[in-house]
Amino acid sequence: MNTNFKLGTHKQIVFDYLNKGNKITTRTAMINLGIGDLQGTIRDLKESGVPIHSKYISVPTRYGKNATVKEYKLLTEKFIKEHKLLS
């Protein structure tokens, strides 16, 4: 896994954010990090070997309904071992 990304790139910003134990959605990426193409950045990180898990979550909308969005998090070594991933 290569985690030596150029300083200031979207890959480096998102990796550092996830590496602190944070989860991220497209909304969080846009508001907190100024990143508009989170899916592309996640794809690039995965291609670099970074173990990222995604799942769908339900979030409230401003109209009082719920929407389903994708949430990403960095897989920890403990999670990988417990779920026998990357054997």
Residues of segment 17-27 being within 10 Å of the chain's Cα centre (by Cα) and in a helix (DSSP H, G or I), in sequence order, are TYR17, LEU18, ASN19, THR26
Can you confirm whether THR41 is crowded, with 19+ Cβ neighbours inside 10 Å and among the polar types (S, T, N, Q)? yes
Suppose the filter is surrounded by 13 or more Cβ atoms within 10 Å (Cβ to Cβ), aliphatic (A, V, I, L, M) and free of Cβ contacts under 8 Å to residues at least 24 places away in the same chain; does LEU18 pass it? no
Could you tell me which residue of segment 45-54 is surrounded by the most Cβ atoms within 10 Å (Cβ to Cβ), considering only residues that are touching a residue at least 40 places away in the same chain (Cβ under 8 Å) and either of a type in the set (Gly, Ala, Ser) or farther than 15 Å from LYS73 by Cβ (or both)? SER48
Report the residue count in segment 3-16 for those that are outside any loop (DSSP other than H, G, I, E, B) and among the charged types (D, E, K, R). 2
Hey, TYR72 part of a helix (DSSP H, G or I), surrounded by 13 or more Cβ atoms within 10 Å (Cβ to Cβ) and either at pLDDT 95 or above or in contact with a strand residue (DSSP E or B) (Cβ under 9 Å, 6 or more places away or on another chain) (or both) or not: no
Of the residues ILE57, ILE42, ILE35, ILE31, only one is in contact (Cβ under 8 Å) with a residue 24 or more places away in the chain, of a type in the set (A, V, I, L, M) and in a helix (DSSP H, G or I); which? ILE42
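The values are calculated or read from the model by the stated rules, or taken from the named source; none is laboratory data. Bear in mind the structure is a predicted one, so any value in this text is a computation, not a measurement. Every residue, glycine as well, gets a Cβ built from its backbone with ideal geometry; the counts of neighbours run over all protein chains shown.
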